[in-house]
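One structure is given here, and the rest of the page talks about it.
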Amino acid sequence: MTEDAPNRSPAGIVGGATLEEKAGLTSGLNFWFTKPLTRLGIPSIMLTDGPHGVRKQSEGGDHLGLADSIPATCFPPAVALGCSFDAALLERVGVALGSEARAEQVGVLLGPGINIKRSPLCGRNFEYLSEDPLLAGILGTSLVRGIQSQGVGASLKHFAANNQETDRMRVSADVDPRPLREIYLRAFQRVVEDARPWTVMCSYNRINGVYSSQNPWLLTGVLRGEWGFDGLVVSDWGAVADRVAAVAAGLDLEMPSSGGRTDQEIVDAVRSGALDETVLDTAAARVVDLVGRVASRADADATYNADDHHALAREAAAASVVLLQNERALLPLPLDVDVAVIGELARTPRYQGAGSSRINPTRIDTPLDEINALASGNVAFAAGYLLDGTADDALRTAAVDAAAGAEVAVLFLGLPSELESEGFDRPDLELPSEQRRLLDDVVAANPDTVVVLSNGGVVRVSGFAHKVPGIVEGFLLGQAGGGALADVLFGIVNPSGRLAETIPVRLEDTQSFTNFPGEHGHVRYGEGLFVGYRGFDARRQDVSFPFGHGLSYTTFEYGAAAVTAGDDLAVTVTVTNIGDRAGSEVVQVYVSLPSSAVSRAPRELKGFAKVFLEPGESREVRIAVRRSDLAYWDPRVDAWVVEGGLYTVEVGASSRDIRVTATAEVAGDAVNVPLTLESSIGEVLANPAAAEALSTIFVASGDRQAPALDPAVLAMAASMPIGRILSFGDFGIGEDEIQRLLDAANG
Ligand code: BGC
């Protein structure tokens, strides 16, 4: 901003702008920059990806914004960070991301992505945190807080229901109100309310037929009206189909640049009266406000320490690694082990996803180098397979020989980047067939084999989990992932990652299987609320590894749980490290309401805490469950409602490893659903005033109708709309009178 600009309000500045200038301010200059308005002292600011590193292109960007960018720390992508279950750690990562952005004069970092992993096939799952909205919401909040603490805006994306890549720029996510609110919008709501992101990025897709970019219900009613969002809504890049409709709906900034075409549409719409100029003024003022926030915090001399950030990337990666299986306590490996490291991915690691989030890392640690750096025993390496998937017998044979000659084989398998990326979904959950074949041969040569996985979306492990004693799930761990994996393998770090998404036995078991990715421009979210573990638990299906699962090199014991019900629930449990190594436990709190009158999952994550315990140490862990997190969305009244009743509170080490259970009586919210002639007799009887009036009618109508109050008859008639009783004879009462009784009961 120029010197006098900060003294004027955004609205005041916009008041001095012409119609053309306002239309210009609300769309991009080029791929990454907003338009300056020099006459009024408004500079241009840069927005850039995100989310797990700064992807700043040196020359302002190429046409598609995909060419190389300046070096930046590649932190673990969200798929791994979600598994850390560590809000404090994610805030530190956010701080580091923000400080790098600030040092590069980037005003807004385009992330985090907090969409729910509806299907394991989604090509962009590596950029998202979890299948669970509470986990995604809490961790997303931490990232935003960290980024913005550095004077850099975050852009919470992709708002909303962007849960697949297939046809992503057109597809309509057809979602019922409850899952939309309880699963797909809930994490966004939490981050908006708790962390106040400076910007929210609308998604490409449509929701129930309406593009997110031009959806007034979403962008204005829910986001601003209900959640109090006071920042700027930016479009995903190229998400605007109709700019006039978008601005009218609440979109403030179209990105990237349409070369002036849509600016002219806005000018024409205002001139013709199709768009109210005050709506444009509001959008322009929000752009000016954002530019002001960025400019007032910019620091041309800001720097960051790349070594410190690399160390943080290693710490974050190690905290995110999930030890899925560890039979015979094969891990951790002694430092002097004689080990065969097998797999091209050990030498050429896959550490991030492909597409708009691809970072140019400051350096890359490979697992092979890092194992070599720590090990004092013999380390043999064999590539075993080619990353392009072509069969190579010589490589396989050499790998089998290496495995046979070592005490332990550590076999690096995973998905090559060609198989998963932004822009398309995967067809299946399989590892490349060459790798599966290699695994069989290596295990046959050496039963002490540990598989280490690198993948952005989950892969099916049910084909081999029973064959190997050890499985380490690394997902994608960022530039320091090689060191983190070596740390975990040798026990320098005790693994503490927990699965943020279920690993199913088969793709066919996943709830969205029959409704993914949809057809003819529509995808029906037919599984409703039953996404991820909610669905597997409801159907009591076996899974390979459940949500929340992850092993440690030590053992944690849980004492009894106590719940105090106040406004929120306070859950306390004592956890003891009864092993001989220090380590972190992720204490998980799941809640359910067995007596619920509405459809619910058997358990839902409502709180968690990661606690570090020395050997023998005990700690009382206190986890607060917000009352608002107990609420379900009631479409009858379009509001969150806490149902009253005796809630079950399960505390455990995973969604399928519940250690202690307690209960809590929770008072419900009053729900006032007005009674109408269409209300059922059951609903009328549930309202004490109406029930009283109804029985008066029946009694007054004499013996003839008395059987209507008989419980057996009532059970049958309970679903009949009250107005319909008039079709069953003369009750001595007319429609008007019933309506009057209902009105009186409605108060
Ligand atoms: C992606 C966004 C990204 C933007 C800018 C889009 O294609 O969906 O996540 O921030 O490009 O690169």
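How much of the accessible area of region 16-297, probe 1.4 Å, is carbon plus sulfur, in whole percent?
Solvent-exposed carbon and sulfur of region 16-297 make up 52 percent of the total.
Using only the heavy atoms of the protein chains and a 1.4 Å probe, how would Trp640, Trp32 rank by accessible area, largest first?
From most exposed to least exposed: Trp640, Trp32.
Could you please state how large a percent of the accessible area of region 556-666 is carbon and sulfur, counting protein chains only and using a 1.4 Å probe?
Carbon-and-sulfur percentage of accessible area, whole number: 46.
Please give the net charge around Ser69, taking every other residue with its beta carbon less than 9 angstrom from that of Ser69, where Lys and Arg add +1 and Asp and Glu add -1.
+1
How big is the Cα convex hull of the chain in projection, averaged over all directions, in nm²?
Taking a quarter of the hull surface, the average projection is 36.7 nm².
Between beta-carbons, use under 13 Å as the cut-off and find the net charge around Ala399, counting Lys and Arg +1, Asp and Glu -1.
Taking every other residue near Ala399 into account, the sum is -4.
If you project the alpha carbons of region 232-378 onto the principal axes, what extent comes out on each, in Å, largest first?
78, 36, 26
Just to verify a number: FRET efficiency for Asp440 and Asp194, C-beta to C-beta distance, R0 = 30 Å, to 0.05?
It comes out at approximately 0.05.
For Glu100, Glu508, give me the order by solvent-accessible area with a 1.4 Å probe, most accessible first, ignoring ligands, DNA and RNA.
Descending order: Glu508, Glu100.
If every alpha-carbon in region 312-536 counts as one equal scatterer, what log10 I(q)/I(0) does Debye give at q = 0.09, 0.10 1/Å?
Ignoring solvent entirely, the Cα scatterers give -0.37, -0.45.
With all protein chains present, how much of the accessible area of region 312-536 (probe radius 1.4 Å) comes from carbon and sulfur, to the nearest whole percent?
C and S fraction of accessible area: 51 percent.
Run through all the Cα pairs of region 241-285 and give the fraction in each 10 Å bin from 0, expressed as whole percent.
It works out to 29, 63, 8, in whole percents.
Round to the nearest 10 and report in Å² the accessible area of Leu335, as given by a 1.4 Å probe over the protein chains' heavy atoms.
80 Å²
Taking only complete DSSP H runs, can you tell me which helices of the chain stretch 20 Å or more along their own long axis by Cα positions and average at least 0.0 on the Kyte-Doolittle scale?
Membrane-span-like by this rule: 87-103, 133-148, 277-297.
Could you tell me what percent of the DSSP beta bridges with both partners in region 16-297 are antiparallel, to the nearest 5?
For region 16-297, the DSSP antiparallel bridge percentage is about 25.
Given C-alpha coordinates of region 58-171, what is the ratio Rg to Rh with the Kirkwood estimate of Rh?
Using Cα coordinates only, the ratio equals 0.98.
Let's test the formula: R0 of 56 Å, r as the Cβ-Cβ distance of Ser149 and Ala689. What FRET efficiency results, to the nearest 0.05?
0.55
So how exposed is Ser258, as accessible area in Å² (1.4 Å probe, rounded to 10)?
Solvent-accessible area, nearest 10 Å²: 30 Å².
Could you calculate the contour length gain from Met716 to Arg636, that is, 0.36 nm times the residue separation minus the distance between their Cα atoms, to one decimal place in nm?
Result: 26.4 nm gained on full extension.
Rolling a 1.4 angstrom probe over the protein chains, ignoring ligands and nucleic acids, what is the accessible area of Met169 in square angstrom, nearest 10?
My reading of the accessible area for Met169 is about 90 Å².
Is there a quick way to get the dipole size of the chain? I mean about its Cα centre, with the Cβ of Lys and Arg at +1 and of Asp and Glu at -1; what is the value in debye to the nearest 20?
Dipole size: approximately 340 debye.
At 1.4 Å probe radius, can you tell me the per residue accessible area of the chain in Å²?
36 Å²
Kindly state, to the nearest 0.05, the FRET efficiency for Thr574 paired with Ala88, given R0 = 25 Å and r defined as their beta-carbon distance.
So the FRET efficiency works out to roughly 0.75.
When the Kirkwood hydrodynamic radius is evaluated over all pairs of different C-alpha atoms of region 16-297, what value in angstrom, to one decimal, is obtained?
18.6 Å
Using the Cβ atoms and a cut-off under 15 Å, what net charge is assigned to the surroundings of Phe556, where Lys and Arg are +1 and Asp and Glu are -1?
Residues close to Phe556 contribute a combined charge of -2.
As I understand it, the dipole of the chain uses +1 on the Cβ of Lys and Arg and -1 on the Cβ of Asp and Glu, about the Cα centre. Which of Val673, Gly137, Val621 lies farthest toward its positive end?
Val673
Under a plain spin-label model, where a point goes 7 Å from the Cα along Cα-to-Cβ, how far apart in nm are Thr555 and Asp299?
Taking the simple label geometry, Thr555 and Asp299 are separated by 5.0 nm.
Over the C-alpha atoms of region 148-238, what are the Rg and the largest Cα-to-Cα span, Dmax, in Å?
According to the Cα coordinates of region 148-238, Rg and Dmax are 12.6, 38 Å.
Name the residues whose placed amide hydrogens come within less than 5 Å of the amide hydrogen of Ser357, ignoring near sequence neighbours (fewer than 5 apart) on the same chain.
The list, which skips near neighbours in sequence, is empty: none.
For Val673, put the label point 7 Å out on the Cα→Cβ axis and report which residues of region 166-185 keep their amide N under 14 Å from it.
178
In what sequence, largest accessible area first, do Asp487, Asp542 appear using a 1.4 Å probe?
Asp542, Asp487
Just tell me which aspartates and glutamates come within less than 18 Å, Cα to Cα, of Lys610; anything on the same chain fewer than 8 places away is out.
Filter leaves Asp86, Glu91, Asp132, Glu315, Glu501, Glu557, Glu585, Glu620, Glu650, Asp657.
Using every Cα-Cα pair within region 404-478, state what percent have a distance larger than 18 Å.
Within region 404-478, distances greater than 18 Å cover 38 percent of Cα pairs.
Treat each spin label as a single point 7 Å out from the Cα along the C-beta direction, and report the Asp369 to Ser272 distance in nm.
6.0 nm
Give the lysines reachable from Lys157 as a straight Cα distance under 21 Å; neighbours fewer than 8 places away on the same chain don't count.
Result set, ordered by chain and number: Lys56, Lys117.
Which lysines have a Cα lying under 23 Å from the Cα of Lys22, excluding residues fewer than 8 positions away in the same chain?
List returned: Lys35.
Once you have the Cα-Cα distance between Thr661 and Glu20, take 0.36 nm times their residue separation minus that, and quote the gain in nm to one decimal.
Additional length available on full extension: 224.5 nm.
Just want to confirm a number: the relative contact order over region 408-509, from Cα pairs under 8 angstrom separated by 6+ residues, in percent.
Once divided by the residue count of region 408-509, the mean separation gives 28 percent.
The values are calculated or read from the model by the stated rules, or taken from the named source; none is laboratory data. No experiment lies behind these values; they were computed from the predicted model shown. Note that we place each Cβ from the backbone using ideal geometry, even for glycine, and neighbour counts take in every protein chain shown. Heads up: the accessible areas ignore ligands, DNA and RNA and are worked out on the full protein's heavy atoms, side chains in. Shrake-Rupley method; radii C 1.70, N 1.55, O 1.52, S 1.80 Å.
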